[in-house]
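The values are calculated or read from the model by the stated rules, or taken from the named source; none is laboratory data. Everything numeric in this text was worked out from a predicted model, so none of it was measured. Neighbour counts run over all protein chains shown; Cβ positions are idealised from the backbone, glycine included.
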Amino acid sequence: MTNKYMYFIANWKMFGGLNSLNSLNRVINFFNKFKKSKFVKIIYCPPNTLLESMSRKLKKSRIDVGAQNCHEQENYGAFTGSINPIMLKSVGAKYVIIGHSENRKMGETDKLINLKIKSTLKSKLKVIFCIGETLKQKRKRMTKKILDSQIKLGLKKIKNKKDILIAYEPVWSIGTGLVPKNNDLLETVKYIKKKVKNYKVLYGGSVSSNNVNQLKLVHNIDGFLIGGASQNSKKFIDIIKKTYN
Ligand code: 13P
C-alpha cells in the first residue's frame, strides 16, 4: 500500500464554524512536509457556510475543497434554500458529494441523484458518488443487488469516469464504529469495480486512526471518505500517516 495513490476526503457534515478553520493549519503544515504527499489527495468537504473561507485558506496548499450536496439544476432558479453546482464552483468547490445515505434517508431518490451528478459534471466539478446498503439489506444478503441498482440508476447515461469517485459507505458502518470485515470489503469493492470498470472506489464508514491499519490491507480501495474523525486534525493526519506506514 505504501506507494499507492489514495484519496482522503473529509466530510464535516453539519459541523464547524469559522474558528474550526484554525485546525487546518496543522494539516497544511503536515502535508507540506509529508514525504509521500505526491501519492495523497486530500479533499475537505465542509458545510456550505465555510466553503469560501476554507477555499481561501487552502489556496496555496495542494488540498482541495468540495461541497456535501447540491441542487439538481445546474443554473439559477427559484428554489428557496438551494445551491447549484455553479454557485459552489464560484466559491472554490472542486468536488460535490452526491447520494450520501444521510440524504437518501431524507428522500433523495436514485433519479434525483442521477440528475445531480449530471449537472455537477456539466458544471465541471467532480463527483463523490456514495452508495451502500443498510443493515437490514445486508442481513437479507441484498448488498450486491442494492449496489447494482444504485450504480445503474445513479450513473444512468453517464459516460464520464475520470471525474467520478465512487464511495462505498455501508449505512450500518456510518457513525457506529463498525467496519466490514476485510474479506467482505475486498469482495464488495471488487464487485463494484467489475460492475463499473475504471472507477476509483473509496471506502467510508467509521474510518479512524484505530482501524486504518486494518483497512489499508484491503488493497483495492483507492482511499477513504471520513466523517467524525476528519473533524479532528490530529486524527485525520494520523489516518494518512498510518496508511503510508
Ligand atoms: P463516519 O466516519 O463518522 O462514520 O462517517 C462516514 C461518512 O458518512 C462519510 O461520508
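Inside region 126-146, residues that are crowded, with 21+ Cβ neighbours inside 10 Å and among the hydrophobic types (A, V, I, L, M, F, W, C) make up a count of 5. When region 21-51 is examined, which residues are found to be away from the ligand (no atom under 16 Å from the Cβ) and either exposed (fewer than 15 other Cβ atoms within 10 Å of the Cβ) or of a type in the set (Ser, Thr, Tyr) (or both)? Those that are away from the ligand (no atom under 16 Å from the Cβ) and either exposed (fewer than 15 other Cβ atoms within 10 Å of the Cβ) or of a type in the set (Ser, Thr, Tyr) (or both): 22, 23, 25, 26, 29, 32, 33, 35, 37, 38, 49. Listed conditions (1) at pLDDT 95 or above; (2) under 28 Å from residue 12 (Cβ atoms) are all met by residue 160, apart from (1). Collect the residues in region 15-58 that are touching a residue at least 12 places away in the same chain (Cβ under 8 Å) and in a loop (DSSP other than H, G, I, E, B), keeping them in residue-number order. Matches in region 15-58: 15, 16, 17, 34, 36, 46, 47, 58.
Anything in region 211-220 that is without any contact (Cβ under 8 Å) to a residue 60 or more places away in the chain and either within 12 Å of residue 9 (Cβ to Cβ) or away from the ligand (no atom under 12 Å from the Cβ) (or both)? List them, or say none. Result: 213, 214, 218, 220.
Please find, among 196, 171, the residue that is farther than 20 Å from residue 68 by Cα and under 18 Å from the mean Cα position of the chain (by Cα). Within the list 196, 171, the selection yields 196.
Could we say that residue 179 is assigned to a loop (DSSP other than H, G, I, E, B), within 15 Å of the ligand (Cβ to nearest atom) and at negative phi here? Yes; evaluated as a whole, the condition is true for this residue. Tell me, please, whether a residue that is surrounded by 17 or more Cβ atoms within 10 Å (Cβ to Cβ), within 14 Å of the ligand (Cβ to nearest atom) and hydrophobic (A, V, I, L, M, F, W, C) can be found in region 147-154. So far as region 147-154 goes, no, none of its residues is surrounded by 17 or more Cβ atoms within 10 Å (Cβ to Cβ), within 14 Å of the ligand (Cβ to nearest atom) and hydrophobic (A, V, I, L, M, F, W, C). Across region 190-204, the qualifying residues are those that are hydrophobic (A, V, I, L, M, F, W, C) and away from the ligand (no atom under 16 Å from the Cβ), and the one among them that is modelled with the highest pLDDT is 192. Here residue 207 does not qualify as hydrophobic (A, V, I, L, M, F, W, C), modelled with pLDDT of 95 or more, in contact with a Phe, Trp or Tyr (Cβ under 8 Å, 6 or more places away or on another chain) and surrounded by fewer than 22 Cβ atoms within 10 Å (Cβ to Cβ).
Residues in region 223-243 that are near the ligand (Cβ under 9 Å from one of its atoms) and assigned to a strand (DSSP E or B): 224, 225, 226. Does any residue of region 193-204 turn out to be among the aliphatic types (A, V, I, L, M), surrounded by fewer than 22 Cβ atoms within 10 Å (Cβ to Cβ) and touching a residue at least 60 places away in the same chain (Cβ under 8 Å)? Within region 193-204 (the criterion being among the aliphatic types (A, V, I, L, M), surrounded by fewer than 22 Cβ atoms within 10 Å (Cβ to Cβ) and touching a residue at least 60 places away in the same chain (Cβ under 8 Å)), the answer is no, since none of the residues qualifies. Being surrounded by fewer than 21 Cβ atoms within 10 Å (Cβ to Cβ) and either within 14 Å of the ligand (Cβ to nearest atom) or hydrophobic (A, V, I, L, M, F, W, C) (or both): is that true of residue 165 here? No: the conditions fail for residue 165.
Looking at this structure, is residue 212 touching a Ser or Thr at 6+ places or on another chain (Cβ under 8 Å), aliphatic (A, V, I, L, M) and more than 19 Å from residue 135 (Cβ to Cβ)? Even if it seems obvious, please write down each step before you answer.
Numbers: touching a Ser or Thr at 6+ places or on another chain (Cβ under 8 Å): yes; aliphatic (A, V, I, L, M): yes; more than 19 Å from residue 135 (Cβ to Cβ): yes.
Spelling it out, residue 212 is indeed touching a Ser or Thr at 6+ places or on another chain (Cβ under 8 Å), aliphatic (A, V, I, L, M) and more than 19 Å from residue 135 (Cβ to Cβ).
Within the set 16, 99, the sole residue that is within 27 Å of residue 221 (Cβ to Cβ), touching a Cys at 6+ places or on another chain (Cβ under 9 Å) and not hydroxyl-bearing (Ser, Thr, Tyr) turns out to be 99.
Out of the residues in region 130-146 that are among the aliphatic types (A, V, I, L, M) and closer than 21 Å to residue 227 by Cβ, state the one that is farthest from the ligand (Cβ to nearest atom). Full working, then the answer.
Looking only at region 130-146, we keep the residues that are among the aliphatic types (A, V, I, L, M), and these are 131, 135, 142, 146.
Filter once more, so that each one left must be closer than 21 Å to residue 227 by Cβ: 131, 135, 146.
Numbers: 131: 12, 135: 14, 146: 17 Å.
Only one residue tops the list, namely 146.
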